[in-house]
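Report on the structure given below.
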There are 2 protein chains.
Amino acid sequence: MKEKELADLADRFRGMLRLAVFVSRRLDGDLELSTTQVSILTMCGGDGLRMGVIAENLGVRVPSATEQVSRLERAGLLERRADPRDARAVVVRRTDAGDRAAADANRRRTARMVDVLETLEPAELEALRTALPVMDKINERLHTISNPKEHIE
Amino acid sequence: MKEKELADLADRFRGMLRLAVFVSRRLDGDLELSTTQVSILTMCGGDGLRMGVIAENLGVRVPSATEQVSRLERAGLLERRADPRDARAVVVRRTDAGDRAAADANRRRTARMVDVLETLEPAELEALRTALPVMDKINERLHTISNPKEHIE
DNA sequence: CTTCATAGTTAGGAAGCCTAAATGTTAGGG
DNA sequence: CCCTAACATTTAGGCTTCCTAACTATGAAG
């Protein structure tokens, strides 16, 4: 029955993934920066990152990253610079306004999340804490599988 | 320090939400039905559901549900019927082909997930099992907050 | 100095979600 | 019975985000 149990857990986990998307929408849906945009801003602190790295961190293709970065650049929150070591590459970095926007966005989202977490029992919080690293591991394992395609018309 | 700990957990939880989106893409991205479409098919068994209920289950507005259902109807996997008790409403139900497609899609996705879960330790699986219901609770709590809007140009 | 690989951008298109407005139905007062 | 307000859904139009393919420019290796 080990096998059946695992399949059962897998099903419930799949349900949780859907729920996570749902929760993300509720959490970030009405704010002026999208979840992805905040992620980009957050990762582009310090010396900045190259476009390819941003794409990889986000789990999207490079052109998708280019698009988001261009938008944030237009908004004055990021800037592109030539990479001094490789003229093909760009380094994307937060501007001062970007620093403020990132801090602000993260503060607000975290505050919302805290509001929700405050309503949970200590044991439930502990359950979350324990499960978080497992999620990372699952993500790693999936890096071995698959790539997007088309859906039904 | 209780407060700070909670904020910290909130941050890590936010990271996990992003990861869940990422994992969803990896898991379902190359299949012929989208995650949403499988959800709809799965929920429309038995006597079927009304459009509004489908939308609510998905966490989207009614027109978005209409669109998905129309697509699946065109593909022959769902059918619309008039609700005998309320001529304004429709009842959406799986066809026989829909039954097969739903079973098949769920089987394949679950199998993939099982492949990943098999690589985890028993304690890690237990951590997931324990955390799943907490996620549901978080979702409930969020039902009190917010609604989508526009992002930066 | 060619040739091939690499980094990024541009162009075009698909999916999925939204709001606003239109259509038809039900239900409650007068 | 009739009118108005609430409701269920669809249609139309638009935005975001992602993708692939093709193009530009630079780097690296023989």
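The values are calculated or read from the model by the stated rules, or taken from the named source; none is laboratory data. Keep in mind that this is a model prediction, so the values were computed, not measured. As a convention, Cβ positions derive from the backbone with ideal geometry for all residues, glycine included, and neighbour counts pool all protein chains shown. For accessibility, only protein heavy atoms count, side chains too; no ligands or nucleic acids. Shrake-Rupley method; radii C 1.70, N 1.55, O 1.52, S 1.80 Å.
Worth pointing out:
- Residue within segment B:39-46 that is modelled with pLDDT of 90 or more and facing chain A (nearest Cβ under 8 Å) present: yes
- Any hit, segment B:87-105, residues being closer than 23 Å to B:I138 by Cβ, under 16 Å from the mean Cα position of the chain (by Cα) and more than 12 Å from DNA strand D (Cβ to nearest atom): no
- Subset of segment A:7-42 [touching a helix residue (DSSP H, G or I) at 6+ places or on another chain (Cβ under 7 Å), within 26 Å of A:T95 (Cβ to Cβ) and of a type in the set (D, E)]: A:D28
- For segment A:122-149, taking the residues that are of a type in the set (D, E) and at pLDDT below 90, the one that is farthest from B:M16 (Cα to Cα) is identified as A:E140.
- Only one of A:A97, A:A101 that is open to solvent by 20 Å² or more (accessible area, probe 1.4 Å), within 11 Å of chain B (Cβ to nearest Cβ) and either under 21 Å from B:R26 (Cβ atoms) or part of a helix (DSSP H, G or I) (or both): A:A101
- Pairs where the first residue, in segment A:15-44, is more than 14 Å from B:F13 (Cα to Cα) and of a type in the set (S, T, Y) and the second is open to solvent by less than 40 Å² (accessible area, probe 1.4 Å) and at pLDDT 85 or above, C-beta under 6 Å, 6+ apart: A:T42/A:A102
- Contact map, segment B:49-72: first residue within 12 Å of chain A (Cβ to nearest Cβ) and open to solvent by 30 Å² or more (accessible area, probe 1.4 Å), second residue more than 6 Å from DNA strand C (Cβ to nearest atom) and small (G, A, S), Cβ cut-off under 7 Å, separation 6 or more or different chains; pairs are B:R61/B:A55; B:S64/B:A55.
- Some residue of segment B:5-27 being away from DNA strand C (no atom under 16 Å from the Cβ), open to solvent by less than 70 Å² (accessible area, probe 1.4 Å), more than 13 Å from chain A (Cβ to nearest Cβ) and not aliphatic (A, V, I, L, M): no
- Residue satisfying all of: in segment A:47-60; farther than 10 Å from A:V92 by Cβ and more than 14 Å from the chain's Cα centre (by Cα); modelled with the highest pLDDT among these: A:G52
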